[in-house]
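> Just dropping this structure here.
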Amino acid sequence: MPEAISHMLEPHSALYLDTRPHVITEGSGIEVRDEDGQSFVDGVAGLWSVTLGYSEPRLVEAATRQMNKLPFYGSFNHRTNDVALALAADLVDIAPIPMGKVFFGNSGSDANDSAIKFARYYHWSQGRPERRKIISHSCGYHGTTLAAGSATGLPHIHHGFGLDTGDFLSAHCPNPLHPSSRGMSESEQVDWLMEDFENLIEEAGPETVAAFISEPILGAGGLIIPPAGYFARLQEILARHDILFIADEVITGYGRTGSMFATTEFGLSPDIITTAKGLSSSYLPISATLVGERVSAALAEGSKQIGTFGHGFTYSGHPVPAAVARETLAIVRERDIPGHVRDVAPHLARGLDKFRGSEAVRDVRGHGLLGGVEFDAAAVGREPGQLGQAVLRAAKERGLLLRAMGDTVVFAPPLIITGEQIDDLMERFTAAYHDVVDSPR
Ligand code: PLP
């Protein structure tokens, strides 16, 4: 066997590549540095997640303090640690829906798996064990564990893994650019999507559907912002069929859209909200599944029948990430990070707007500190997907790290970014775009 270039089975990577991965070794503010000493503006905050940037001393101190005091105590069998309890109370305080309880895990995927299990347990405790099916969007991303992966619509998450498809149903992507809705007004498109959604429920049998899960803005599916009125209409249908609504706020939670939760901003009334990433600014892994009053009460009722509620992980409520999360929330509130996002977001919007009507651009969209430029690869004679990757490479040359979903390049910088830094980021991106599009091939 030739000597391996990387012994790590790299997540979400092309495993056949025999080149060394890009190795990041340091970070400060909104920038990271690689092993060759080159610095980059991080246009996607790690994985949409390092909301407070790479050098927040208060988070390091919170972790160190907690490590010294109590490095671990779990939360099984009605015994827990003080930090997990306090963080749960903090979250109930700021939650955008009348809250019952908070469940802690370690990742966005396990938060969604937990939410799906809680939805089924809810129906089971009401005497409806046949309600197991989960509806999600064909362009939704909810993680890669068995249940969250099954609810994720993106084909490459399914290929080869034998995920569950029987109990998972896929609704149309609420993409205003969907080819089937071309030429429709926004409200006609919502009508069309609702008809599809109703049909899906009817075909599945409403009495077999447990929950619907959606991101308020669909991130990894290509930064899709559903048409106005979409969720309001959808919620009427869900309520009519007693189907629970799980809002996946793993990307949008804790400030990214310019509100603490997109749930409030978009007028959603979910039964369960899943969060992770920005909860600890990703300094340590932690997720929180916020369970609304009605579902919490049913979980307690169900557990009465059995004794133990059989769900949870060794690291549920781990005190060190919980301490970091408490400090993150304190900073987000003290510095009014959602307000800061609202103040600087116009810089991103202006930068994106300049791409409207460009030769190789199909669409630009954004909200808060989320942005996307969707390229039209064919317009400049390229294969689908190639233009996004080419612009990413050119951006890297110009000291900017971004991500692309197909031909959509997305922006999700740390939320502490200033207006000037956003202008600089967009200048680098614009230059990278022209490097690619203007150069003869
Ligand atoms: N949900 C959403 C909306 C996400 O964007 C992600 C990850 O990017 C997840 C869930 C999964 O989170 P994790 O990678 O922490 O399992």
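> Along each principal axis of its Cα atoms, how long is region 148-259 end to end? Whole angstroms, biggest number first, please.
Each principal axis gives a Cα extent; for region 148-259 these are 37, 32, 28 Å.
> Quick one: TRP48, TRP124, fewest Cβ neighbours within 10 Å first, how do they rank? Intermediate results must be reported in sequence, preceding the final value.
Working: TRP48 24, TRP124 17.
Ascending number of Cβ neighbours within 10 Å: TRP124, TRP48.
> Going by average Cβ neighbours within 10 Å, how do the peptides 53-60, 242-249 rank, with the highest at the top? Can you show the working numbers first?
Numbers: 53-60: 16.6, 242-249: 25.4.
Most protected by this proxy first, the peptides run 242-249, 53-60.
> Add +1 for every Lys or Arg and -1 for every Asp or Glu among the other residues with Cβ under 11 Å from the Cβ of ASP164, and state the total. Mind dumping the intermediate values first?
Working: positive: ARG132, LYS133; negative: ASP167.
The answer is +1.
> Which of these, ALA325, ALA379, ALA111, has the largest mean-square fluctuation under a Gaussian network model of the chain (Cα springs below 10 Å)?
ALA379
> If you don't mind, there's one more thing I want to ask. How charged is the neighbourhood of GLY253? Take every other residue with its Cβ under 12 Å from the Cβ of GLY253, and add Lys/Arg as +1 and Asp/Glu as -1.
On the way: positive: ARG256, LYS277; negative: GLU215, ASP248, GLU249, GLU265.
Residues close to GLY253 contribute a combined charge of -2.
> Now for a different question. Mind listing the long-range amide H neighbours of ASP407? Cut-off is under 5 Å, sequence gap 5 or more, other chains count too, H placed in the peptide plane at 1.01 Å from N.
When sequence neighbours closer than 5 places are left aside, the close amide H contacts are GLY385.
> Let me ask something else. Among GLY399, GLY307, GLY419, which one shows the highest mean-square fluctuation when the chain is modelled as a Gaussian network with alpha-carbon springs under 10 Å?
Sorting by GNM fluctuation, first place goes to GLY307.
> Which whole-number percent is the relative contact order of the chain (Cα, under 8 Å, 6+ apart)?
Values: 855 pairs, mean separation 92.0, N = 441.
It rounds to 21 percent for the chain.
> Would you kindly derive the ³J(HN,Hα) couplings of region 274-285 from the backbone phi angles with the Karplus curve 6.51 cos²θ - 1.76 cosθ + 1.60 (θ = phi - 60°), listing them in order in whole Hz, with x for Gly and Pro?
9, 9, 7, 4, x, 4, 10, 6, 6, 5, 9, x
> Which order do the peptides 146-156, 227-237 take when ranked by the mean count of other beta-carbon atoms within 10 Å per residue, highest first? Walk me through the numbers on the way to the answer.
Working: 146-156: 21.3, 227-237: 17.0.
Ranking the peptides 146-156, 227-237 by packing returns 146-156, 227-237.
> Shifting gears a bit: Please work out the FRET efficiency for the pair ASP438 and GLN38, using the Cβ-Cβ distance as r and a Förster radius of 22 Å; give the result to the nearest 0.05.
Working: r = 24 Å, r/R0 = 1.10.
In this case the efficiency is close to 0.35.
> Mind ordering 254-266, 67-79 by average Cβ neighbours within 10 Å, highest first? Walk me through the numbers before you get to the answer.
Values: 254-266: 23.2, 67-79: 12.0.
For the peptides 254-266, 67-79, the packing ranking is 254-266, 67-79.
> Can you list, largest first and rounded to whole Å, the semi-axes you get for region 213-299 by taking the square root of 5 times each eigenvalue of its Cα gyration tensor?
Values: eigenvalues 93, 63, 20 Å².
Its equivalent ellipsoid spans semi-axes of 22, 18, 10 Å.
> When the scattering of region 262-336 is computed by the Debye formula from its Cα atoms alone, each counted once and equally, what is log10 I(q)/I(0) at q = 0.12, 0.22, 0.26 Å⁻¹?
The Debye formula, applied to the Cα set alone, gives -0.46, -1.09, -1.17.
> What GluC sites (Glu not before Pro) in region 298-366 are in a loop by DSSP, with at most 12 other Cβ atoms within 10 Å of the Cβ? Can you show the working numbers first?
Values: sites: GLU301, GLU327, GLU334, GLU359; in loops: GLU359.
Counting only loop positions with at most 12 other Cβ atoms within 10 Å, the GluC sites (Glu not before Pro) in region 298-366 are GLU359.
> Once you've got the GNM for the chain with C-alpha springs shorter than 10 Å, pick whichever of GLY339, GLY166, GLY143 has the biggest mean-square fluctuation.
Top of the fluctuation ranking is GLY166.
> Once the Cα atoms of the chain are picked out, what are the Rg and Dmax in Å?
21.9, 70
> Quote the Stokes-Einstein diffusion coefficient, in whole µm² s⁻¹, for region 336-441, based on the Kirkwood radius over alpha carbon pairs, a temperature of 25 °C and a viscosity of 0.890 mPa s. Don't skip to the answer; put the middle values down first.
Working: Rh = 13.8 Å.
Translational D for this selection: 178 µm²/s.
> ³J(HN,Hα) across region 429-435 via Karplus (A = 6.51, B = -1.76, C = 1.60, θ = phi - 60°), whole Hz, x for Gly/Pro?
5, 4, 4, 5, 4, 5, 3
> So for VAL437, VAL409, fewest C-beta neighbours within 10 Å to most, what's the order? Working shown, then result.
Details: VAL437 19, VAL409 29.
Going from sparsest to densest Cβ surroundings: VAL437, VAL409.
> Suppose we look only past 16 Å in the calculated P(r) of region 308-385. What percent of the Cα-Cα pairs does that tail hold?
Values: 2078 of 3003 pairs.
Counting pairs separated by more than 16 Å, the tail of P(r) holds 69 percent.
> Using alpha carbon centroids, what distance separates region 101-116 and region 1-65, in Å?
A separation of 24 Å, based on Cα centres.
> What is the fewest-to-most order of GLU61, GLU202 by other Cβ atoms lying within 10 Å of their Cβ? Show your work: numbers first, answer last.
Values: GLU61 13, GLU202 10.
The order, fewest Cβ neighbours first, is GLU202, GLU61.
Every read-out reported here was derived from the displayed coordinates using simple, explicitly stated rules and does not represent laboratory data. Values in this document were obtained by computation on a predicted structure and should not be read as measured data. Neighbour counts are summed over all protein chains in view; Cβ atoms, including those assigned to glycine, are modelled from backbone coordinates with ideal geometry.
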